[in-house]
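J.: Could you have a look at this structure, given as structure tokens, before my questions?
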Amino acid sequence: MAVRFWELYEETKEQFRLKIVAGKAGMDTVVSWVHMLEDETIVSRFHGEELAITTGMKAVQPGWLLQLVQEMAKDDCAGIIINTGMYLHQIPEDVVEWCEAQNFPLLEMPWEMSITELIQAYCMRIIDQKQYEKKIGNAFREVMQGYYSEEAIKQVLGERYDIEGTFQVFCISVKKTMEEELSYNQAIIKLENLFGLWKENDKIKASYGLVRMEDFLVLILNNSKDRQYKELPELIVQSFSYFSKEKCFHLGIGPSIRHIENLSDSYRRARTAMKMSLGTGLETIHFEEMGFYKILFSVEDTNVLTGYADDLLGPLDEYDKVHGSSYVDTLRSYIKNDRSLIRVAEDIYTHRNTVNYRIQNMKRILGCELSNAEEIFPYQVAFYIRDMTKKNK
């Protein structure tokens, strides 16, 4: 969990005599860093969720402060603290009204309070939190990979999470370029902002963890409510909307499990669902809705699968290659249409007698009568595998 504006405020409001002027409802947002800001042009260099502090030196220019907060809000900044008493004695009413209407946090700090000390305190708090999050992430990695030590987990994760409660894993894959790394980090911050902690908000109230794996992101939910779970997949997609529009975002959702020692089960299944999402091009896949593909996508060595399919269908591949026929397609239709010659003929636009001839010849080539579900099932699996590997390619 990243540091949120309301946490910084609660921890330092007395030390720096901070006062919330407007936008309290927006203070559950993540704060990624803190900057001194006296020139609005620097806002365009922000990366997202920055908190700015200003003395308002340029506020003598009519409308400057209002334009500044509007630009900051547009660039997804966390909020602004105004150091009043020297250049700006009172915050303009139009600025207060706009920030309140837009839920953009606007705080006031007296001139005699040190801006330098506040920035230093906030930045150190953010750095400390990042170190703590790294420790949490490492602990989650060990649990997901099956290295569960009850004492170690209680010590690291027990303070923040209900280790005997429910857990659910979401695996997120984003195909991105180096130039899109900034957009990716901004998307992660948007994702974190779904989990608001400020009182009386409508955001998701559940403990969560975010773990960066080698080439994908893992979101872990602890004790989430059913209603929130149903809404969450769509909200995750919205957080990564840029990548979703580019068709390079994929989400795999694991089942809900109880007790953290079983977290590796939800993780493996979420990763399997993510693999199917990548393989099929579908944006979101729930493991529990994968059907027979649960088994296929759980196999790590895909060469085993393709070898199995080629062993079964290889004789027909070779026959089609030599004779320019389409026996493989005919077999697929024969299985799909439950061995009905009439429906196969309609499906592949071929006369029934021709279909019957092909089927009899196929039985001879394959050395199998294809007369019941037990005999047909291996070939059905072979087609599943070919569909899966074709989409992966």
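J.: Just name the residue that is farthest from V211 (Cα to Cα) out of those in the range 158-187 that are of a type in the set (A, V, I, L, M) and surrounded by fewer than 21 Cβ atoms within 10 Å (Cβ to Cβ).
T.: M178
J.: For the range 83-95, check the following and say yes or no: at least one residue is among the aliphatic types (A, V, I, L, M), under 21 Å from S183 (Cβ atoms) and modelled with pLDDT under 95.
T.: Within the range 83-95, none of the residues are among the aliphatic types (A, V, I, L, M), under 21 Å from S183 (Cβ atoms) and modelled with pLDDT under 95.
J.: When you scan the range 97-141, how many residues do you find that are of a type in the set (V, I, T) and within 35 Å of the chain's Cα centre (by Cα)?
T.: Here the count works out to 4.
J.: Report, by residue number, each residue of the range 243-290 that is among the acidic types (D, E), touching a strand residue (DSSP E or B) at 6+ places or on another chain (Cβ under 7 Å) and closer than 19 Å to F140 by Cα.
T.: Within the range 243-290, just D265 meets the criteria.
J.: Could I ask something else about it? Please note which helices (runs of 4 or more DSSP H) are completely contained in the range 233-330 and include at least 3 residues that are of a type in the set (G, A, S) and either in contact (Cβ under 8 Å) with a residue 40 or more places away in the chain or crowded, with 20+ Cβ neighbours inside 10 Å (or both).
T.: 263-280
J.: Quick check on E133: is it assigned to a helix (DSSP H, G or I), in contact (Cβ under 8 Å) with a residue 40 or more places away in the chain and assigned by TED's automatic domain parsing to the domain that holds L18?
T.: Considered against the rule, which asks whether it is assigned to a helix (DSSP H, G or I), in contact (Cβ under 8 Å) with a residue 40 or more places away in the chain and assigned by TED's automatic domain parsing to the domain that holds L18, E133 comes out as no.
J.: Another one. Can you go through A78, A22, A73 and tell me which one is in contact (Cβ under 8 Å) with a residue 24 or more places away in the chain, outside the structural domain of F195 (by TED's automatic domain parsing) and surrounded by fewer than 22 Cβ atoms within 10 Å (Cβ to Cβ)?
T.: Exactly one residue qualifies, and that residue is A73.
The values are calculated or read from the model by the stated rules, or taken from the named source; none is laboratory data. Not measured: the values here are computed from a predicted model. Methodologically, a virtual Cβ is constructed for each residue, glycine included, from the backbone with ideal geometry; neighbour enumeration extends over all protein chains shown.
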